[in-house]
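The block underneath contains the structure these notes are about, expressed in structure tokens.
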Amino acid sequence: DATLILAEHESGSIKPQTVSTVVAANSLGENSSISLLLAGSGSSLQEAAAQAASCHPSVSEVLVADSDKFEYPLAEPWAKLVEFVRQQGDYSHILASSSSFGKNILPRVAALLDVSPITDVVKILESNQFIRPIYAGNALSTVRYTGGGPCMLTIRSTSFPVTPITVDSESRKATISQIDLSNFKEGSFTFLLCIPILNFSFFFKKLSFPFPIADSASKSRYVGCSTQDTERPDLGSARVVITGGRALKSVENFKMIEKLAEKLGGAVGATRAAVDAGYVPNDLQVGQTGKIVAPELYMAFGVSGAIQHLAGIKDSKVIVAVNKDADAPIFQVADYGLVGDLFEVIPELLEKLPEKK
Amino acid sequence: MKILVAVKRVVDYAVKIRVKPDKTGVDTQNVKMSMNPFCEIALEEALRIKEAGFAKEVVAVSIGPSQCVDTLRTGLAMGADRGIHVETSSSFLPLTIAKILKSIAEVENPELIFLGKQAIDDDCNQTGQMVAALLGWPQATFASKVVLDKEKHVATVDREVDGGLETLCVDLPAVITTDLRLNQPRYASLPNIMKAKSKPIKKMTVQDLKVDIKSDIEILEVTEPPKRKSGVMVSSVDELIEKLRNEAHVV
């Protein structure tokens, strides 16, 4: 058995959720080999590949696709790439993490391979049997893949924590091979298919416009991104998460949550209500449709506990809830509940909690 | 320009679901059903594009049992021009749904297909990506902003990705899947609900569309997740800190 993992990397290093995906792949079978596929371009890709080779002892091979086509994670060329790599290796499983990256690309690959993928795997029972949450985590579905093609999964990283392994990284280094892309055609098939649909006069007009990336063969172009630049830990993998709800009432008040997170070395989260009210940007949203978190300590302030929010936090080790309303549903899942006014409780916590080392 | 929108009938988001005692699934008998919230957002966006003069027609498609007509009527009352109902008593995997939608797209020739990023029942988050792959169209998933340029024949889409927003520019025809903050769907007014009754809904079957039904995933059982045992209430910040330090050992 062989597993191919579509890896995510950034600034020359492998993302933690990819390592979690390796941990998951490890439980697919004793003799399963694991290949990591990294695509991108230039030195940061090669740096990430070098790091990927020793990111986990069970990685046997790192495949590198170095091309301008993969400079940005566009689903169209990446899906074609996975299909291309799959033609040259007999993979029983193809995995990606359940991140926005994995969820964007993997189903596209699956359709190209005529396979039904399985989203958000939280437990692997056998090499073809998995558990995944449905209905925002209010039910768990045990499924078996019965198809002939490769079994394709996206892995929820919080369910496969990475345990620090002490190995001699030099001796356990996987081989790194560069993929020969000379026969890789990104979209010739689809391109031909679509030309007759397009009106030609219009087609020429379109080509005359200066696009951000001058590749007329690609139908999707990367324009830019805006990221939350912050020194705080990443929400999805933080050890401590401090979340505020609508009860915070303003952007200004939300800074108290940030201060507390800073003091505890944690990440800041928010409920959908707080995001919708405009107190914080939407990438801080915790819940089934936002980020799924599983920190050691989760503290919720002014959070009522909507079903979709609880679904995103229920794997946290310790949940603390502070709310004025003693009947708030969040108290039913909290390990420690405190009925009180967050505008009094947070300043007191800031004063009395020890500084994080 | 024509826009196709896929709408799914699901258990209403406000209903607390119950797992069937025989573990075969979730109880949907005598439970309030509604249009999937992400699909409502998809339809709303299509309607706004039409109202801005960029599209002539919005066609809503629903695949499922006879009651999907209600979901389509809701869509027509919101403002869709007509509906297509692919009637089936079996529930299909996203890949089959994608094949059905592809088949409809080949007949209808829309320049945009809108779908919700996921349905709140099976939470798969796959169908849009798959339709795009099968049609060979570009995809812009998890959209929180869509700007059309009729001249250049492109859509510029802000996508919600981990850690921020990403902006893509895709050539039309394209598939766009919608995230929560793209828009606030409208409520259908009473006159529009009345008007919707006379709008056409075309019935089709999977056989009409000659789609090969893929069933390569078997559901073995559906269970309730383990419940967190409820904890203790503390009465002061001091007590809370004491517990976190000496009992939970997390600070």
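Taken together, the values in this text are just the output of simple stated rules run on the coordinates, not laboratory data. It should be emphasised that the depicted structure is a prediction, and the values quoted were computed from it without experimental measurement. With ideal geometry, Cβ positions are generated from the backbone for all residues, glycine too; neighbour counts draw on all protein chains shown.
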Farthest toward positive dipole pole in region B:2-226 [+1 Lys/Arg, -1 Asp/Glu at C-beta], among B:Ala80, B:Leu209, B:Ser34: B:Ala80
Residue-by-residue Karplus 3J(HN,Hα) for region B:11-19, coefficients 6.51, -1.76, 1.60, Hz, glycine and proline x: 4, 3, 4, 8, 7, 7, 6, 10, 7
Set of aspartates and glutamates near A:Lys219 by C-alpha distance (under 12 Å), chain-local residues within fewer than 8 positions excluded: A:Glu76, A:Glu186, B:Asp171
Estimated FRET transfer efficiency (A:Lys185, A:Val223; beta-carbon r; R0 30 Å; 0.05): 0.80
Leading residue at positive end of dipole, region B:2-226 (Cβ point charges), from B:Ala105, B:Ser198, B:Thr177: B:Ser198
Under-5 Å amide H pairs with A:Ala267, H placed in peptide plane, nonlocal only: A:Val240, A:Val241, A:Ile242
Rounded to 10°, Cα long-axis angle of helix A:75-88 versus longest principal axis of chain A: 60 degrees
Whole-Å distance, taken between Cα centres, linking region B:217-251 and region B:137-201: 39 Å
Cα gyration tensor category, rounded, prolate or oblate, for the protein assembly as shown with a/c compared to 1.5: oblate
Cα-based radius of gyration of chain A once divided by 2.2 N^0.38 Å, which approximates compact folds: 1.11
Other-chain or far-sequence residues with amide H under 5 Å of A:Val223's (modelled H): B:Thr167, B:Leu168, B:Cys169
More than 28 angstrom apart: percent of Cα pairs within region B:108-251: 52 percent
For chain A, built as a Gaussian network whose Cα springs stay under 10 Å, the top-fluctuating residue of A:Leu37, A:Leu81, A:Leu248: A:Leu248
Sequence-distant aspartates and glutamates (8 or more away, or on other chains) whose Cα lies within less than 13 Å of B:Lys23: B:Glu221, B:Glu224
Karplus-derived HN-Hα couplings along region A:303-309 (A = 6.51, B = -1.76, C = 1.60, θ = phi - 60°), whole Hz, x at Gly and Pro: 9, 6, x, 4, 3, 5, 6
Label-reachable residues, region A:268-283, where backbone N falls under 14 Å from a point 7 Å from A:Ser250's Cα toward its Cβ: A:279
Region B:2-226, relative contact order in percent, only Cα pairs under 8 angstrom and at least six apart counted: 26 percent
Cα-based shape type of region A:9-87, given that a ≥ b ≥ c are square roots of the gyration tensor eigenvalues and the cut on a/c is 1.5: oblate
Among A:Gln46, A:Ile176, B:Ala248 the positive-end extreme of the charge dipole of the protein assembly as shown (Cβ point charges): B:Ala248
Global geometry of region A:301-357, whether rounded, prolate or oblate, following the gyration tensor of its Cα atoms and the 1.5 cut on a/c: oblate
Share, in percent, of DSSP beta bridges within chain B that are antiparallel, nearest 5: 40 percent
Rounded to whole Hz, the Karplus (6.51, -1.76, 1.60) HN-Hα couplings of region A:100-113, x for glycine and proline: 4, 5, x, 5, 6, 8, 4, x, 5, 4, 4, 5, 5, 9
Around A:Ala96: net Lys/Arg minus Asp/Glu count, Cβ-Cβ under 12 Å: +2
Too-long pairs where the Cα-Cα distance tops 20 Å, listed order kept, from B:Lys2/B:Lys150; B:Lys56/B:Lys99; A:Lys103/A:Lys185; B:Lys102/B:Lys210: B:Lys56/B:Lys99; A:Lys103/A:Lys185
Contact order relative to length of chain A, as percent, for alpha carbon pairs under 8 angstrom and 6 or more apart: 13 percent
Qualifying lysines (Cα of each under 22 Å from Cα of A:Lys173; at least 8 residues distant if same chain): A:Lys15
